[in-house]
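Trainee: Handing you a structure now.
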Amino acid sequence: MVITPLAPLELEKRLANDGIPLPELRSLLKETREELERRYLEGAPVEQLVHARAGAVDRVMEYLWHSHFDHSREEELALIAVGGYGRGELHPYSDIDILILLGENDISTLKERLERFLTALWDVGLEIGHSIRTVEECVTAAVEDITIATNLMESRLVAGSKSLHHLLQRATGPDAIWPSKAFFAAKWEEQIRRHHKYHDTAYNLEPNIKGGPGGLRDIQTIGWITKRHFGTTTLHDLVTHRFLTEGEYRALMEGQSFLWRIRFGLHTLARRGEERLLFDYQRTLARQFGYRDNEHELAVEQLMKRYYRTVMELSRLNEMLLQLFQEEILHADEPGEPVPVNSHFQARKGFLEATDSELFRRHPAALLELFLTMQQHPELNGVRAGTIRLVREHRHLIDDGFRSDPSNRKLFLEILRQPRGVTHELRRMNRYGILAAYLPEFGHIVGQMQHDLFHVYTVDEHTLVTLRNLRRFTVPAFAHEFPLCARIISHLPHPEILYIAALFHDIAKGRGGNHSELGAVDAERFCTTHELGPYHTGLVTWLVRNHLLMSMTAQRKDISDPDVIHEFATQVGDVDHLNHLYLLTVADMRATNASVWNSWKDALLVELYNATKQVLRRGIHNPLLLQERIETIKGQACQQLRQHVLPNPDFESLWKHFDDDYFLRYSADEIVWHTRAILGCEETDLPLVLMRQTTRRGGTGIFIYTRVEENLFAHTASLLEQAGLTIVDARIITSRNGYTLNTLTVLEENGEPISSSRRHQEILTSLRQGLKQERRSAQVNRRIPRQLKCFPIPTRVSFMPDKANRRTIMEVVTADRPGLLARLGHALREHGIVIQNAKIATIGARAEDIFFVTDRENRPLDDSQLQNELAATIKRYLDCDIEGCTENP
């Protein structure tokens, strides 16, 4: 390949001189890179820039090569560019891989020169990867490692012996090693493994633009296979071989150019070979690409939507081309006679194809029938590339007339009602553009980014993952994962109702307004036109409108309060609505972010489901009265305590100091646990610290009983967070005689309860020792996640009176992060505030915590000046934490 440099003329002019000092060469390379970056910002074609960078490196390599090796030794060795550098494609911080190819003669006299040459490359700022081998050694390495074989396939002579390079090309060509069939199979398997690393989706919010599905490596894979099989040098040769149309080739090149431009910008911003499109750089790149915020979309969301739609198109082309290569290379010797499947489709070599090229024009309904046929014939390996192309070419036939045709509506519902392949074929429909064509509302969310830390996928991908989660509940092999969900869904007569609700639950994202309300309108229209009947239409519409109701109730409200359960049950109405909402909620929450779902949230939802089901069976108009519930809990606890031979006067004398709130917020089992421990200890044993490895709330429970102390909560939070634990729930009860009963639910950093008995004991010992020491701050050293700084959530503090209990309700909304509760506790201590009760809630990256507080004399915070000062202190502690300023609690 001939590289035409766009590098500054100063580089060419200076390299014409001999004896340039290495520091000066380093400066020239730096100036060249800065010049290319300037041209990038001015909008120069990125293709010119990456080739120019390679050209500039070539010139310096040649200069240093000739400075170290005279012409008399030129036939004995060669300097060869391999990999991306061999293709002549270098981004600002791309890997620069070289091979120094040795002849057969003794070159021991060159060893010192080679070392000086390599050192010089590093001294001028070229961070190279290098190998020194003979042709025979190259062949041996390439046979053992497909990656080395691929790198050598792209080798390009920079300086030295042409004959050696030619010998290398012949020795590592497909006639010698890795013939076309073996090479294709290896690269195909390599791509499958690579895609698995990224969860087989291109729609992660911080995608890897090189390795992720639809990324640059997918394009390179096609190029490698093309070169190996056809012996061609450019992707345009695929048009000649009728693997691509001219239009598809242009789409491929436009996609590559867009990704190259992002990659060039990423390297420039990161000052390293960064391939991840991190939040840190997305906003800056959006500005560089000329995007601006508008009424409905941020500039960064517009850039990312273009990115996701680009990689989706590249994924489609990659799938089609690999399918063509599979037919051309792997199945070339197999019988190619078609086997009829139905009147419209046939199977050839294990793949579905249209019976003729005019099928979709004559019978547009076959555009949906294709996916139903794939579901009904699981023995098929996929769709033939030629048919994929026909589908893409005829998508425009899905218009208003097509969508209003009753037979087509019936076909779409039939796809959703199939016992297998629903998720798989909906994903295929999305890749081929058919899902967006049939549901135009869905088309609006394709590639729609949700620029936050809560959702890790685009809206369309999140929707399909939600649907996949629902389908997974129906598979017996996975029933152990969510037994309650599996049991409920197995009794639903029409699970497709759930799938439709999943398709529409976020369909109005990005339009502005309440997406649940807008989506409910779309869902109702769909159900009406598809004649689902009044009840199912109402159910789907209600589910879409209320799909957040259960998660918000479980996470933000006190579900131990009968009034909360009764209110929720009233909103739900009946067990059928509850069943559908519970299943959709679990599937939806698990589809937002794998790290957000944990055993605590699972347990909360199960508890809310069971409590609500009891109310619905009892009857909404026959609620369990507050005092009735308290007496029931006390009765259950009394019965258990008598079994432990504890006389009534003992525990009743203890309980008289506890308010009703205690008996509402704890189960009978927990009350028994507390009572036995408290009655069994002396005042000198305080603080009493107990732990349960797992609780009904799904985490590890920590119970602390001691005299009320001003700094107890802050100090406890510091000790726990220092131990790497996350507090997900806090129940703080203050007795009438001056004792506090604190129960904290904690999880490990992986979202699971403490499982190791040794770690359990270590934390218990640490807490007991730490709480007996002087109340001073324990330093929390856990690092604040990088992403959190890209999504600042300003701290908001509000106050409301709780006149019935003579205290103040304080709500704090802020960004969740390690050490949050400890810092918050120290801010309260600074003003002498006592926490009487607390409700900890984390919604994605947002902490929404409610504290019931008083002053030291147990009076509510009625003074507005005190409230303002307290709010200012909390903001100082918490906002400084995110911004990186120093506060010493």
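Trainee: Just the number, please: carbon plus sulfur as a percent of the accessible area of the chain, 1.4 Å probe, no ligands or DNA/RNA counted.
Mentor: Ligands and nucleic acids excluded, carbon and sulfur give 49 percent.
Trainee: Can you pull the accessible area of MET374 for me, 1.4 Å probe, Å² to the nearest 10?
Mentor: 10 Å²
Trainee: Could you tell me the relative contact order of the chain? Use alpha-carbon pairs under 8 Å, at least six residues apart, and round to a whole percent.
Mentor: Normalised by residue count, the contact order of the chain is 6 percent.
Trainee: For the range 564-601 and the range 79-100, what is the centre-to-centre distance using only Cα atoms, to the nearest Å?
Mentor: Cα centroid to Cα centroid, the span is 53 Å.
Trainee: What's the magnitude of the charge dipole for the range 154-194 around its Cα centre, counting Lys and Arg as +1 and Asp and Glu as -1 at the beta-carbon? Answer in Debye, nearest 20.
Mentor: In debye, rounded to 20, the range 154-194 gives about 80.
Trainee: Relative contact order of the range 312-454: what whole-number percent is it, with Cα pairs under 8 angstrom and at least 6 residues apart?
Mentor: 23 percent
Trainee: Further, regarding this structure: Ranked by accessible surface with a 1.4 Å probe, highest first, in what order do LEU269, LEU492 come?
Mentor: Sorted by accessible area, descending: LEU269, LEU492.
Trainee: Give me the aspartates and glutamates in straight-line cross-link reach of LYS613: C-alpha distance below 12 Å, same-chain residues under 8 apart excluded.
Mentor: ASP574, ASP576
Trainee: Could you give the length gained by full extension between HIS296 and SER108, i.e. 0.36 nm per residue of separation minus their alpha carbon distance, to one decimal place?
Mentor: 60.9 nm
Trainee: Same structure, new question: What lysines does LYS349 reach when the alpha-carbon gap must be under 24 Å and sequence neighbours fewer than 8 apart in one chain are set aside?
Mentor: LYS181, LYS187
Trainee: Compute the relative contact order of the range 691-771 as a whole-number percentage, counting only Cα pairs closer than 8 Å that sit 6 or more residues apart in sequence.
Mentor: The value is 36 percent.
Trainee: Related question: Using 0.36 nm times the number of residues separating ARG736 and LYS772, minus their current alpha carbon distance, what extension gain do you get?
Mentor: That pair, ARG736 and LYS772, stretches by 10.7 nm at full extension.
Trainee: Using the beta-carbon distance between SER653 and GLU481 and R0 = 60 Å, what value does 1/(1 + (r/R0)^6) give for FRET efficiency, to the nearest 0.05?
Mentor: So the FRET efficiency works out to roughly 0.80.
Trainee: Please calculate the 1.4 Å probe accessible area of THR355, with all protein chains present, and give it to the nearest 10 Å².
Mentor: 50 Å²
Trainee: Based on the mean of other beta carbon atoms within 10 Å per residue, what is the order of 40-52, 680-692, most packed first?
Mentor: The peptides rank, most packed first, as 40-52, 680-692.
Trainee: Please list, or write none, the lysines whose alpha carbon is within less than 25 Å of the alpha carbon of LYS803, excluding same-chain residues fewer than 8 places away.
Mentor: Partners found: LYS557, LYS656, LYS839.
Trainee: Let me ask you something else. Report the equivalent ellipsoid semi-axes for the chain in whole Å, largest first, defined as the square roots of five times the eigenvalues of the gyration tensor built from alpha carbon atoms.
Mentor: Ellipsoid half-lengths, sorted descending, are 59, 39, 24 Å.
Trainee: With a 10 Å radius around each residue's Cβ, average the other Cβ atoms per peptide and rank 95-104, 457-466, highest first.
Mentor: Taking the mean over residues of other Cβ atoms within 10 Å, the ranking is 457-466, 95-104.
Trainee: Any idea what % of Cα-Cα pairs in the range 275-385 are farther than 17 Å?
Mentor: Here the long-distance tail beyond 17 Å is 67 percent of all Cα pairs in the range 275-385.
Trainee: OK, next. With only alpha-carbon pairs counted, each pair once and no self-pairs, how large is the Kirkwood hydrodynamic radius of the range 58-168 in angstroms?
Mentor: So the Kirkwood estimate lands at 14.1 Å.
Trainee: If you count only protein heavy atoms with a 1.4 Å probe, what accessible area per residue comes out for the chain, rounded to a whole Å²?
Mentor: That works out to 43 Å² per residue.
The values are calculated or read from the model by the stated rules, or taken from the named source; none is laboratory data. A quick note: this is a predicted structure, and the numbers were derived from the prediction, not measured. A quick note on method: Cβ atoms are made from the backbone with ideal geometry, for glycine too, and the neighbour counts reach across all protein chains shown. Protein only, heavy atoms only, side chains kept; ligands, DNA and RNA dropped before computing areas. Shrake-Rupley method; radii C 1.70, N 1.55, O 1.52, S 1.80 Å.
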